[in-house]
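Asker: Sharing a structure, written as structure tokens. Questions coming.
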Amino acid sequence: QVQLVESGGGLVQAGGSLRLSCAASGSMLSISAMGWYRQAPGKQREWVATITTGGRTIYADSVKGRFTITRDNAKTTVTVFLQMNSLKPEDTAVYYCYGRTGGIGTLPNYWGQGTQVTVPS
């Protein structure tokens, strides 16, 4: 099992920045990639960004050039960060950290509890 705990959400004005963190612990050897999804009110959950264990990063077109995903590997935990710059009202959503054990295109196996990001219009 893998446990994911997000932090760093909040309210920020348009054009501002936030950094989300996701602390992962447990059976990390099984994880092939981690990343973020988000879900805005009344909308489906959408994928935002992924970082693989090899360090490859992939972004949704809607955040490319504004968001950066990184990871920090410690002895017993892995922390994944999402640096969000030039935030827009349409970035308002609950952001969920995820971990998956399969290859590209497979669904997440683990989810965090979510953290709210609000960018007022």
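The values are calculated or read from the model by the stated rules, or taken from the named source; none is laboratory data. Note that the structure is a prediction, hence the values are computed from the model and not measured. Cβ sites come from the backbone with ideal geometry, for glycine too, and all protein chains shown count toward neighbours. Areas reflect the complete protein model, heavy atoms only, side chains present, ligands, DNA and RNA absent. Shrake-Rupley method; radii C 1.70, N 1.55, O 1.52, S 1.80 Å.
Asker: Determine whether region 79-89 contains at least one residue that is more than 16 Å from the chain's Cα centre (by Cα), free of Cβ contacts under 8 Å to residues at least 60 places away in the same chain and not in a loop (DSSP other than H, G, I, E, B).
Answerer: The answer is no, given that none of the residues of region 79-89 is more than 16 Å from the chain's Cα centre (by Cα), free of Cβ contacts under 8 Å to residues at least 60 places away in the same chain and not in a loop (DSSP other than H, G, I, E, B).
Asker: Hey, another quick one. What number of residues in region 11-35 are part of a loop (DSSP other than H, G, I, E, B) and at positive phi? Walk me through how you get there before you give the answer.
Answerer: Of region 11-35, the ones part of a loop (DSSP other than H, G, I, E, B) are 12-17, 27, 31-32.
Still in the running and at positive phi: 15.
Summing the residues that are part of a loop (DSSP other than H, G, I, E, B) and at positive phi in region 11-35 gives 1.
Asker: Please state which of the following conditions residue 58 fails to meet, knowing it meets all the rest: (1) closer than 22 Å to residue 28 by Cβ; (2) assigned to a loop (DSSP other than H, G, I, E, B).
Answerer: Single failed check for residue 58: (2).
Asker: If you scan region 107-121, which residues turn out to be open to solvent by 60 Å² or more (accessible area, probe 1.4 Å) and farther than 16 Å from residue 11 by Cα? I'd like the intermediate steps shown before the answer.
Answerer: From region 107-121, those open to solvent by 60 Å² or more (accessible area, probe 1.4 Å) are 107, 109, 111, 113, 116, 121; that's our starting set.
Selection gives 107, 109, 111, 113.
Asker: Do you know which residues across region 1-25 are buried (at least 16 other Cβ atoms within 10 Å of the Cβ) and more than 15 Å from the chain's Cα centre (by Cα)?
Answerer: 2, 12
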